[in-house]
Amino acid sequence: MESYSWKTSMESSCHVNSIICNGTLECLLPDDNYNRVLNTVLSTVITVMLALVMFSMGCTVEVKKFWGHIKRPWGIAVGFLCQFGIMPLTAFVLSFAFNILPIQAVAVLIMGCCPGGTGSNILAYWVDGDMDLSISMTTCSTLLALGMMPLCLFIYTKTWVDSSAIVIPYDSIGISLVALVVPVGIGIFVNHKWPKAAKKILKIGSITGFILIILIAVVGGVLYRGSWIIAPELWIVGTIFPAAGYAFGFLLAYISNQSWRGCRTVALETGMQNTQLCTTIVQLSFTPEQLGLMFAFPLIYSIFQIAFAAIFLVGYRLIIRGRKSGEQEEENKMESTLGETNEGFKMEDKFSNGDIEKTDNA
């Protein structure tokens, strides 16, 4: 029997290829094989690219610092509270506050219960975050998701749907974990053995990763363009949700006395969710009729999590540029003053990790 996907039209007539049933307002369109083939090809390409990007991100990780986060997991614990405490609760509150449809509320909650995505590692690099903490947080949240996702969904979704009806794709989570750990492990080894080569790999990988984030968002919009006719309330929730994740993550990290690098890292790890995993869960758990109402939310969230991250990145870079410009002016003034008073004395300032080391040359 040929399968069909559901489409409801507000027009008086259906698509030319539709099979009309129950009047003129409800139509059935044949499945689009183009989408299926394109999805398979692009998923393969993106998976390979993602593995290469995570390999390059591993080249930023130092074994001692990474192991230090594992042995003293305070930063990881803060991220865990954000990931599986704040995000599911925020999803629940937003769903109630905007009174969205029950089936759409479930999509929002699934997104809130997903672990952090690998995009956070790429963005953490671009904002000079703590890459050792970022990698360890992503790895731990993906591993802990095997138990925490079913628990969170059981607690929050029973208001709208039987949580047993939601299929947790443990195989997809396992694949994500392997695709994260193995390339990162190789990258850590390369950085330990050949640090100069690791720096070159990192430059290429960071640019590729940024392109990959944009590519994933565009591909999602192309593949599921039929799901964009949705209520304004869902757009609002999709806009507020990632912004709340970034804000709450940064605030909790600040309160727990994390460094500024740690605060930026935790913020990104909290707001950047694994939208691909959310999409997989929705596809496995619900009927085609329900997917028409649910499927747009992961795409909306993906768009706005990237948009807010881009604003965060641009703002950070502008602040850094302003600080460097101010420091250069101060240094020029100091050199000018010293040159007028004593030409035989020169002071050089070296900045390393926020500390100033002064060396005097006679």
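The values are calculated or read from the model by the stated rules, or taken from the named source; none is laboratory data. Treat the numbers as computed from the prediction; the structure is a model and nothing was measured. Methodologically, a virtual Cβ is constructed for each residue, glycine included, from the backbone with ideal geometry; neighbour enumeration extends over all protein chains shown. These accessible areas exclude ligands, DNA and RNA; they are computed on the full protein's heavy atoms, side chains included. Shrake-Rupley method; radii C 1.70, N 1.55, O 1.52, S 1.80 Å.
What do the square roots of 5 times the Cα gyration tensor eigenvalues come to for region 98-173, in whole Å, largest first, as semi-axes of the equivalent ellipsoid?
28, 15, 9
Among 115-123, 300-308, how do they line up from the highest to the lowest mean number of other beta-carbon atoms within 10 Å?
115-123, 300-308
Distance check, please: which entries in 71/200; 71/158; 64/196 exceed 26 angstrom between their Cα atoms?
As for pairs spanning more than 26 Å Cα to Cα, those are 71/200; 71/158.
Going by average Cβ neighbours within 10 Å, how do the peptides 146-153, 50-57, 103-110 rank, with the highest at the top?
Order by mean packing, descending: 103-110, 50-57, 146-153.
Hey, can you rank 58-65, 174-181, 254-261 by average C-beta count inside 10 Å, highest first?
Highest to lowest by the protection proxy: 58-65, 174-181, 254-261.
Please work out the Cα center distance from region 270-285 to region 150-190, rounded to the nearest Å.
About 9 Å separates the Cα centre of region 270-285 from the one of region 150-190.
Take region 58-100, drop everything but the C-alpha atoms, weight them equally and run the Debye formula without solvent; then report log10 I(q)/I(0) at 0.17, 0.21, 0.29 Å⁻¹ to two decimals.
-0.61, -0.72, -0.93
Taking only protein heavy atoms and a 1.4 Å probe, what accessible area per residue, in Å², does region 98-195 have with all protein chains in place?
I get 38 Å² per residue for this part.
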